[in-house]
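Student: I am attaching a structure below and will ask some questions about it afterwards.
The values are calculated or read from the model by the stated rules, or taken from the named source; none is laboratory data. Owing to the predicted nature of the structure, the values given are computational and were not obtained by experimental measurement. All Cβ positions, glycine included, derive from the backbone under ideal geometry; neighbour counts span all protein chains shown.
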Amino acid sequence: MILLASNENPLGMPESARRAAAEALAGAGNYPDSNGTALKNALAARLDVPADWITLGSGSSEILELAAQVSLKPGEGVVYSQYGFIVYAQAAAHAHAHATVVPSRGFGHDLDGMRAAIGEDTKLVFVANPNNPTGTFIDAAPLLAFLQSVPAHVTVLLDEAYTEYLAPAQRYDSIEWVRRLPNLIVARTFSKAFGLAGLRIGYGVSQPALAARMNAQRPRFNVTTPAQAAAVAVLGDTDFLTRTYELNTAGRDQLAAGFKALDLEYIPSSGNFLMVRVGDAQAVHARLLAAGIEVSLLGPYGLPEWLRVSVGLPEQNRAVLTALR
Ligand code: PLP
């Protein structure tokens, strides 16, 4: 099967992380370091924040869940955009919160609409940049203006699962924003560009008061020993990250050009995936599966005519385009 349904890294797990995880298995008869000391120190050095600003999660999905758990009481409000990542709705439901889903603008976030939707009972806002599944991107200036406009009693979870795929001109320093905003949590993951989706590891960065509340809520051994070791290794593997970035940028262009040649509408993406309009997506999805290619249906997002195709290796991208033709 060609797996292009979950926005994973088509290069797979890097050799550096594979070696570190294998070595760590020798110690896996013992519980993991609950504090994740080595990884937190590595992240702290890289991000230039104290280690107690970091919360480790079983994937960044768990950081999203923890943000909801520490911010929301039953009946309180959470705001996110239409076409927001599916876990936002799940985290809201798990916290018995009330979700306000703000209609998107051009498949992206309507930040003015989101600001207007923040009411008295709102305690949490989710923003993804880039967004999944649409791939849309918010420029740094309007994003920062939005974050600064959110009342201090409202936590904002800025979901940066795909931040490593941004072009140099798009990049911004959200950790600097965390230094200024005590209600901001930046969530990042090792599942995408770092190639560790199956090990389940991600992290949140926030000021220490908020981090302490999330860490207190976190299951004690939520990140395994091999996952911690692999994450430390891949953080230092700049070659892998560069290869990943270059492969993704070229593959995204390849898919976009292919969709264009097939006269298929697509949304320009800043992530490692593209949304393409194929008509009866369910039927096309089934035909692709029969050809050995798995892509993602977007029915749960209310997009029955669209598929999301993760960027693969050049030959995998070619196979999708050939099958679509
Ligand atoms: N946030 C966004 C926008 C995503 O698309 C994903 C995964 O697809 C995640 C968070 C969570 O990924 P993980 O739990 O593997 O870190």
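Student: Restricting to segment 59-78, and then to whatever is away from the ligand (no atom under 16 Å from the Cβ) and not in a loop (DSSP other than H, G, I, E, B), can you tell me which residue is surrounded by the most Cβ atoms within 10 Å (Cβ to Cβ)? Outline the logic, then answer.
Tutor: Here is the first cut: in segment 59-78, the ones away from the ligand (no atom under 16 Å from the Cβ) are 70-77.
Narrowing further to those that are not in a loop (DSSP other than H, G, I, E, B): 70-71, 77.
Details: 70: 23, 71: 26, 77: 20.
Among those that are away from the ligand (no atom under 16 Å from the Cβ) and not in a loop (DSSP other than H, G, I, E, B), it is 71.
Student: So which residues in segment 11-20 are part of a loop (DSSP other than H, G, I, E, B) and either of a type in the set (A, V, I, L, M, F, W, C) or within 17 Å of residue 307 (Cβ to Cβ) (or both), if there are any at all?
Tutor: 11, 13
Student: Looking at (1) under 23 Å from residue 178 (Cβ atoms); (2) outside any loop (DSSP other than H, G, I, E, B), which is the one condition that is false for residue 49?
Tutor: (2)
Student: Okay, moving on. Give segment 202-218 a look and list any residue that's out of contact with any strand residue (DSSP E or B) (no Cβ under 6 Å at 6 or more places or on another chain) and either away from the ligand (no atom under 16 Å from the Cβ) or without any contact (Cβ under 8 Å) to a residue 60 or more places away in the chain (or both), or say none.
Tutor: Quick first cut of segment 202-218, residues out of contact with any strand residue (DSSP E or B) (no Cβ under 6 Å at 6 or more places or on another chain) only: 207-210, 212-213, 216-218.
Selection gives 207, 208, 209, 210, 212, 213, 216, 217.
Student: Another one. Looking only at segment 3-15, which residues are touching an Asp or Glu at 6+ places or on another chain (Cβ under 7 Å) and buried (at least 18 other Cβ atoms within 10 Å of the Cβ)? If you could, list the steps in order and put the result at the bottom.
Tutor: The first filter runs over segment 3-15 and keeps only residues touching an Asp or Glu at 6+ places or on another chain (Cβ under 7 Å), leaving 3-5, 14.
Within segment 3-15, 4, 5, 14 qualify.
Student: Also: Out of everything in segment 103-132 that is over 25 Å from residue 192 (Cα atoms) and in contact with an Asp or Glu (Cβ under 6 Å, 6 or more places away or on another chain), what residue ends up being farthest from the ligand (Cβ to nearest atom)?
Tutor: 121
Student: What number goes with the only condition from (1) among the polar types (S, T, N, Q); (2) part of a helix (DSSP H, G or I); (3) under 19 Å from the mean Cα position of the chain (by Cα) that residue 55 does not pass?
Tutor: Against the list (1) among the polar types (S, T, N, Q); (2) part of a helix (DSSP H, G or I); (3) under 19 Å from the mean Cα position of the chain (by Cα), residue 55 comes up short only on (2).
Student: In segment 151-201, what residues are within 13 Å of the ligand (Cβ to nearest atom), among the charged types (D, E, K, R) and not in a strand (DSSP E or B)?
Tutor: Going residue by residue through segment 151-201, those that are within 13 Å of the ligand (Cβ to nearest atom) are 157-165, 185-201.
Add one more test, that the residue is among the charged types (D, E, K, R), and what stays is 159-160, 164, 188, 192, 200.
Within segment 151-201, 160, 164, 192, 200 qualify.
Student: In the list 232, 320, 309, which residue meets the criterion of being within 15 Å of the ligand (Cβ to nearest atom) and either of a type in the set (A, V, I, L, M, F, W, C) or closer than 26 Å to residue 86 by Cα (or both)? If you could, list the steps in order and put the result at the bottom.
Tutor: On the way: 232 fails: within 15 Å of the ligand (Cβ to nearest atom); 320 fails: within 15 Å of the ligand (Cβ to nearest atom).
After ruling out the rest, the residue left standing is 309.
Residue-wise test of (1) modelled with pLDDT under 95; (2) closer than 26 Å to residue 6 by Cβ; (3) surrounded by 14 or more Cβ atoms within 10 Å (Cβ to Cβ).
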residue: 168; (1), (2), (3): no, no, no
residue: 185; (1), (2), (3): no, yes, yes
residue: 202; (1), (2), (3): no, yes, yes
residue: 207; (1), (2), (3): no, no, yes
residue: 213; (1), (2), (3): no, no, yes
residue: 216; (1), (2), (3): no, no, no
residue: 224; (1), (2), (3): no, yes, yes
residue: 245; (1), (2), (3): no, yes, yes
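Student: Please go through (1) over 23 Å from residue 34 (Cα atoms); (2) in contact (Cβ under 8 Å) with a residue 24 or more places away in the chain for residue 67 and return the number of the only condition it doesn't satisfy.
Tutor: In the conditions (1) over 23 Å from residue 34 (Cα atoms); (2) in contact (Cβ under 8 Å) with a residue 24 or more places away in the chain, residue 67 misses (1) alone.
Student: While we're looking at this one, here's another question. Quick one: how many residues across segment 274-301 are closer than 16 Å to residue 135 by Cα and not charged (D, E, K, R)? Lay out the reasoning, then the answer.
Tutor: So the first thing to find is which residues in segment 274-301 are closer than 16 Å to residue 135 by Cα, and the list is 274-277, 295-298, 301.
Restricting the remaining residues to those that are not charged (D, E, K, R) gives 274-276, 295-298, 301.
The total comes to 8.
Student: Failed condition for residue 231, given (1) touching a residue at least 40 places away in the same chain (Cβ under 8 Å); (2) over 17 Å from residue 4 (Cβ atoms); (3) in contact with an Asp or Glu (Cβ under 9 Å, 6 or more places away or on another chain), with all others met?
Tutor: (3)
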